[in-house]
Amino acid sequence: MKSFISSCNIDEILYNIDVPGNLNSYSIDNPLYFPVNSYNIFTSLPLVPENPGASDDSWFHFLKGGGFIATSIFAIVAAVSIFVCPVASPLLIGVGVVTAGAGVATGINGAAEIQEGFTGDNFVRDDWFGGNQTAYNWYSFGTSAVATVGTIWIGGWMSYNQPRIQAYKNVGKAEFPGNYYLENIGSRPYFDSILTHKQIIKYGEMTSKIGKNGKLFYIFTSNGSFGATVGSYELNMTSNYQYLWHLLFTGV
Amino acid sequence: MIIELTKKKYQYVLDCFYKLKPQYYEDIKNSLVIDNTIFALGFLKEPNYIIDINLPSDVITEILWYLKNMRDKSMNNNAFDDDLYSEFDYYVEFYNLINSLK
């Protein structure tokens, strides 16, 4: 024991003493062994810093920040897709505004989390919330949740209404089949009104039906008026958006 | 009820009556008066075809129900009967005309 002590300085000995202070024979024989849970028996400070140069959970903050930034990008892309969508309802535009706001806030939180991974500081938590970790957690997960729900909502709406969007975009180029136009234009002047067609598609109820020949049709039904008569318009479009299969007004 | 129509529309209405309610076809056909007055002054492209349609309310209801039912049957469930819907499409102006008689 005496010779061992003489070959080591006191710090090396202390490195090899486990809490609660028992000498670890394995660590004495293995100079590469530095158990993480070793403490100085006099100061109780850890002998080996668990993650030297960074905070203990830096990878957690990197992952969290990356997740926030990904959520932010998806939310902002979803919101922009609603803003440029010609058939989006006012409700959906409202959802887009909220989603965009939550997306931007989540992106800022993501940047703050990555900053925390590098430096241990988080400018959102420290500067905006005065270091209140609990308030920051509620805020950051709240904005992230709103951005996620908004993205899912918009994504689902866009997916369901894809035929409506395509019909709206293509109705100006769509043709009436055969002599349908010539036979009816006299009594149905709305045949020539692309604005009317677009209004029916935008505001109408959309249903999809499969015809006898297996073809898919999209039928848009919208309330409206023709002259002094109140009723509903029906616009029937083929699934390739090339033909206005039927277009008629029925009074109530 | 007195109704002014174009020649094409008049022929269409007669055809619809012939197919749906043939018992009223002759009465309506015989009620035709061709009014040349405004046409002669040059304000119209063709004379007015004026007919008198007098239908009992139950007949009006029956025609409307029949045509509405035709439309609904064409869209039964997920299937789309284009032939039946096209037939309704043909009658839809007639439907609106009869509907205005209510």
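Before moving on, here are some points about what is shown:
- The lone exception for B:I34 - which of (1) assigned to a loop (DSSP other than H, G, I, E, B); (2) outside the structural domain of B:L101 (by TED's automatic domain parsing) it fails: (1)
- Some residue of the stretch B:51-61 being within 13 Å of chain A (Cβ to nearest Cβ) and out of contact with any Phe, Trp or Tyr (no Cβ under 9 Å at 6 or more places or on another chain): yes
- Scan of the stretch A:209-229 for residues that are within 19 Å of A:V171 (Cα to Cα) and either facing chain B (nearest Cβ under 8 Å) or outside any strand (DSSP E or B) (or both), ordered by number: A:K209, A:K215, A:F217, A:I219
- Per-region count, the stretch A:171-187, residues assigned to a loop (DSSP other than H, G, I, E, B), within 14 Å of chain B (Cβ to nearest Cβ) and exposed (fewer than 12 other Cβ atoms within 10 Å of the Cβ): 2
- Options A:G204, A:G211, A:G227; residue that is surrounded by 13 or more Cβ atoms within 10 Å (Cβ to Cβ) and over 30 Å from A:A79 (Cβ atoms): A:G211
- For A:H197, the requirement of being surrounded by 17 or more Cβ atoms within 10 Å (Cβ to Cβ) and either charged (D, E, K, R) or in contact with an Asp or Glu (Cβ under 9 Å, 6 or more places away or on another chain) (or both) is not met.
- Subset tally (residues that are away from chain A (no Cβ under 14 Å), exposed (fewer than 15 other Cβ atoms within 10 Å of the Cβ), at negative phi and of a type outside the set (S, T, N, Q)) for the stretch B:2-43: 16
- Of all residues in the stretch A:105-138, those that are over 25 Å from the mean Cα position of the chain (by Cα) and either closer than 21 Å to A:F74 by Cα or assigned to a loop (DSSP other than H, G, I, E, B) (or both) total 5.
- With respect to (1) at pLDDT below 85; (2) part of a helix (DSSP H, G or I); (3) not assigned by TED's automatic domain parsing to the domain that holds B:V13, the lone exception for B:F39 is condition (3).
- Restricting the stretch B:42-60 to residues that are part of a loop (DSSP other than H, G, I, E, B) and modelled with pLDDT of 80 or more, the residue that is farthest from the chain's Cα centre (by Cα) is B:K45.
- Hey, A:S232 without any contact (Cβ under 8 Å) to a residue 40 or more places away in the chain, farther than 21 Å from B:D72 by Cα and either in contact with a Pro (Cβ under 9 Å, 6 or more places away or on another chain) or within 12 Å of chain B (Cβ to nearest Cβ) (or both) or not: no
- In the condition set (1) assigned to a strand (DSSP E or B); (2) over 33 Å from the mean Cα position of the chain (by Cα); (3) surrounded by 17 or more Cβ atoms within 10 Å (Cβ to Cβ), A:Y190 is compliant with all but (1).
- Scanning the stretch A:235-251 for residues that are more than 8 Å from chain B (Cβ to nearest Cβ) and either under 31 Å from the mean Cα position of the chain (by Cα) or closer than 18 Å to B:E93 by Cβ (or both) yields A:L235, A:S239, A:N240, A:Y241, A:L244, A:L247.
The values are calculated or read from the model by the stated rules, or taken from the named source; none is laboratory data. Note that the structure is predicted; figures quoted are calculated from it, not measured. Glycine gets a Cβ as well: all are built from the backbone with ideal geometry, and neighbour counts include every protein chain shown.
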